[in-house]
């Protein structure tokens, strides 16, 4: 029984979500191999070989693999899938894009967003925005799983010394091509990896106020910035800051929710945070029902005061 | 060019579901059901493409119980031309739905298939990708902008950290993200008109699809409850608690 983890990477380095996925793979009970499918991704493959607990790294390098196109990455996974009992992807935008293609072509079901490995064939996953937890058992020959990274600790990024084996890259599909990307450059920690998150809601009122009020607090705390769906829909914050059922699922050490009422869809994305602080002037806001520390106050006064006090 | 838009009937997003006390599932008796919000965005996008003259016909399809006809009527009230219900009282998991949709795709030969990225009940986020794989079509998931030009499809996708742009050959599969569009309000005259649009009902067996699944739900339980903490009177107390009690800063 061997599990294959599909690494999330940018060709130069391995993304943090891969480490949590390795932990989930180890919990399935067998050896763990990691596939690095990329273009000029030797450095990422070398980094994957350092991950504690990884027995082997498979490195496929080809022109169609550099940008993670689903058609090509899925074909690459299928080319080696026969050797594995479990195929695990991080439940990131990239992993969620590719995994179901692999499952469908293997004619097996997929277990999405696994938060716990109960046994080699039984897993827990949240449904209904986390309002219920389903325990599911798969009788499929291969278990294709996406792993909710907040459910598993990160494996150590160093300490391993797996062999890197080169595998032939599949031919690139001509039906899909990558034109470009706009990835926001930021000195802040990545939202899903941040230890502290400062998140704002609709109460901020505008994009300018969102930045003016929350940025100093995030700077002071070394935090990532997040937002509720209401704030994103209103255009106060970019979509990839969205925390919630259909956005990012986060579990930082400290989550500061400013002007967020706490709809169930938002709570679904952050309620596993270690400590939650809510700042809201509405005493009835549902966010207070999950907050460790609730401050009933006008955020436009309280947040700057917080910055000055810290 | 035809567009196929699969839609799912789900518990309305405003309903807070309860786990059944016997752990067999969530209680959906007598709760409000609606079209999955992401599917509404998919229907809207298809109808807009028709209004722009890019597509000629919008076909809504739903897989599930008889009452999914209501969901199809909603799609037709937004502007879909006709509906297909693949009727089954069995539990249909994403792979089974993808197989049913593949059979419909084979029959209807649409140039484009637009689905919601995820259903808000099972939160699976699988069906579009699975359909694309089974139908051997390229995919663009989490779309926030769609353009059809020179027989190609240009899609801007929401990815971690920002946006990505892909060019796909047609036919292709798109799944929608929140910012793709804002679905229109359905008007009463359009609801009346939708009642007269054609709606075909077929069975999985008619499509030659076995919908059995090898994934079984053993139990459904309440998530661990997070107790409410304390209210603090002022910022100074908050900072003190964070530093000395929670020790997180």
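The values are calculated or read from the model by the stated rules, or taken from the named source; none is laboratory data. Just so we're clear, the structure is a prediction, and the values are computed from it rather than from any experiment. Neighbour counts are summed over all protein chains in view; Cβ atoms, including those assigned to glycine, are modelled from backbone coordinates with ideal geometry.
May I ask you to verify whether residue A:267 is under 21 Å from the mean Cα position of the chain (by Cα), in contact (Cβ under 8 Å) with a residue 60 or more places away in the chain and more than 24 Å from residue B:157 (Cα to Cα)? Here the answer is yes, as residue A:267 does meet what is asked.
Residues checked against (1) part of a loop (DSSP other than H, G, I, E, B); (2) at the interface with another protein chain (Cβ under 8 Å from one of its Cβ atoms):
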site	(1), (2)
A:230	no, no
A:235	yes, no
A:246	yes, yes
A:260	yes, no
A:265	no, yes
A:268	no, no
A:282	yes, no
A:294	no, yes
A:301	no, no
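State the number of residues belonging to the stretch B:14-43 that are closer than 17 Å to residue B:178 by Cα and touching a helix residue (DSSP H, G or I) at 6+ places or on another chain (Cβ under 6 Å). Within the stretch B:14-43, residues that are closer than 17 Å to residue B:178 by Cα and touching a helix residue (DSSP H, G or I) at 6+ places or on another chain (Cβ under 6 Å) number 3. So in the stretch B:90-107, with the set limited to residues that are assigned to a loop (DSSP other than H, G, I, E, B) and more than 15 Å from the chain's Cα centre (by Cα), which one is surrounded by the fewest Cβ atoms within 10 Å (Cβ to Cβ)? Among residues in the stretch B:90-107 that are assigned to a loop (DSSP other than H, G, I, E, B) and more than 15 Å from the chain's Cα centre (by Cα), the one surrounded by the fewest Cβ atoms within 10 Å (Cβ to Cβ) is B:90. Quick one: what pairs do we get from the stretch B:205-228, first residue at the interface with another protein chain (Cβ under 7 Å from one of its Cβ atoms) and free of Cβ contacts under 8 Å to residues at least 12 places away in the same chain, second part of a helix (DSSP H, G or I) and surrounded by fewer than 18 Cβ atoms within 10 Å (Cβ to Cβ), C-beta under 9 Å, 6+ apart or different chains? The qualifying pairs are B:226/A:289; B:228/A:289. Residues in the stretch B:61-93 that are over 21 Å from residue B:46 (Cβ atoms) and touching a strand residue (DSSP E or B) at 6+ places or on another chain (Cβ under 8 Å): B:65, B:66, B:67, B:87, B:88, B:92, B:93.
Within the stretch B:108-124, how many residues turn out to be in a loop (DSSP other than H, G, I, E, B) and within 13 Å of chain A (Cβ to nearest Cβ)?
So the count comes out to 8.
When B:149, B:96, B:135 are checked against the criterion of being in contact with a helix residue (DSSP H, G or I) (Cβ under 6 Å, 6 or more places away or on another chain) and over 25 Å from residue A:268 (Cβ atoms), B:135 stands alone in meeting it.
Evaluation of residue A:91 against the conditions (1) in contact (Cβ under 8 Å) with a residue 12 or more places away in the chain; (2) closer than 17 Å to residue B:139 by Cα; (3) within 17 Å of the chain's Cα centre (by Cα) shows that the sole unmet condition is (2).
Among the conditions (1) over 30 Å from residue B:173 (Cβ atoms); (2) surrounded by fewer than 24 Cβ atoms within 10 Å (Cβ to Cβ); (3) in contact with a strand residue (DSSP E or B) (Cβ under 7 Å, 6 or more places away or on another chain), the only one that residue A:22 does not satisfy is (2). Does the stretch B:89-103 contain any residue that is at the interface with chain A (Cβ under 8 Å from one of its Cβ atoms) and free of Cβ contacts under 8 Å to residues at least 24 places away in the same chain? No: the stretch B:89-103 contains no residue that is at the interface with chain A (Cβ under 8 Å from one of its Cβ atoms) and free of Cβ contacts under 8 Å to residues at least 24 places away in the same chain. Of the numbered conditions (1) within 14 Å of chain B (Cβ to nearest Cβ); (2) over 21 Å from residue A:161 (Cα atoms); (3) in contact with a strand residue (DSSP E or B) (Cβ under 8 Å, 6 or more places away or on another chain), residue A:74 fails exactly one; give the number of that condition. Result: residue A:74 passes all but (3). Can you find even one residue in the stretch A:182-193 that is at pLDDT 95 or above, surrounded by fewer than 24 Cβ atoms within 10 Å (Cβ to Cβ), in contact with a helix residue (DSSP H, G or I) (Cβ under 9 Å, 6 or more places away or on another chain) and on the phi < 0 side of the Ramachandran plot? No, the stretch A:182-193 contains no residue that is at pLDDT 95 or above, surrounded by fewer than 24 Cβ atoms within 10 Å (Cβ to Cβ), in contact with a helix residue (DSSP H, G or I) (Cβ under 9 Å, 6 or more places away or on another chain) and on the phi < 0 side of the Ramachandran plot.
Conditions tested, residue by residue: (1) closer than 30 Å to residue A:64 by Cα; (2) touching a residue at least 24 places away in the same chain (Cβ under 8 Å); (3) crowded, with 24+ Cβ neighbours inside 10 Å; (4) out of contact with any strand residue (DSSP E or B) (no Cβ under 9 Å at 6 or more places or on another chain).
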| position | (1), (2), (3), (4) |
| --- | --- |
| A:198 | no, yes, yes, no |
| A:212 | no, no, no, yes |
| A:230 | no, yes, no, yes |
| A:239 | yes, no, no, no |
| A:246 | yes, no, no, yes |
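Among B:167, B:132, B:143, B:194, which is the only one that is within 7 Å of chain A (Cβ to nearest Cβ), over 24 Å from residue A:114 (Cβ atoms) and outside any loop (DSSP other than H, G, I, E, B)? The unique qualifying residue is B:167. Against the list (1) at pLDDT 95 or above; (2) under 19 Å from residue A:203 (Cβ atoms), the condition residue A:247 fails is (1).
Residues in the stretch B:153-161: is at least one closer than 30 Å to residue A:235 by Cβ, facing chain A (nearest Cβ under 8 Å) and in a helix (DSSP H, G or I)? The answer is no, given that none of the residues of the stretch B:153-161 is closer than 30 Å to residue A:235 by Cβ, facing chain A (nearest Cβ under 8 Å) and in a helix (DSSP H, G or I).
Scanning for something touching a helix residue (DSSP H, G or I) at 6+ places or on another chain (Cβ under 6 Å) and under 24 Å from residue B:53 (Cβ atoms), does the stretch B:154-174 turn up at least one residue? Scanning the stretch B:154-174 turns up at least one residue that is touching a helix residue (DSSP H, G or I) at 6+ places or on another chain (Cβ under 6 Å) and under 24 Å from residue B:53 (Cβ atoms).
So is residue B:174 touching a strand residue (DSSP E or B) at 6+ places or on another chain (Cβ under 6 Å), within 9 Å of chain A (Cβ to nearest Cβ) and either surrounded by fewer than 14 Cβ atoms within 10 Å (Cβ to Cβ) or touching a residue at least 12 places away in the same chain (Cβ under 8 Å) (or both) or not? Criteria not met by residue B:174.
Scanning the stretch A:130-141 for residues that are surrounded by 18 or more Cβ atoms within 10 Å (Cβ to Cβ) and more than 7 Å from chain B (Cβ to nearest Cβ) yields a count of 0.
Could you please let me know if residue B:149 is over 10 Å from the mean Cα position of the chain (by Cα) and more than 9 Å from every other protein chain (Cβ to nearest Cβ)? Yes: the conditions hold for residue B:149.
Residue count for the stretch A:9-60 satisfying the condition of being closer than 11 Å to residue A:88 by Cβ and part of a loop (DSSP other than H, G, I, E, B): 1.
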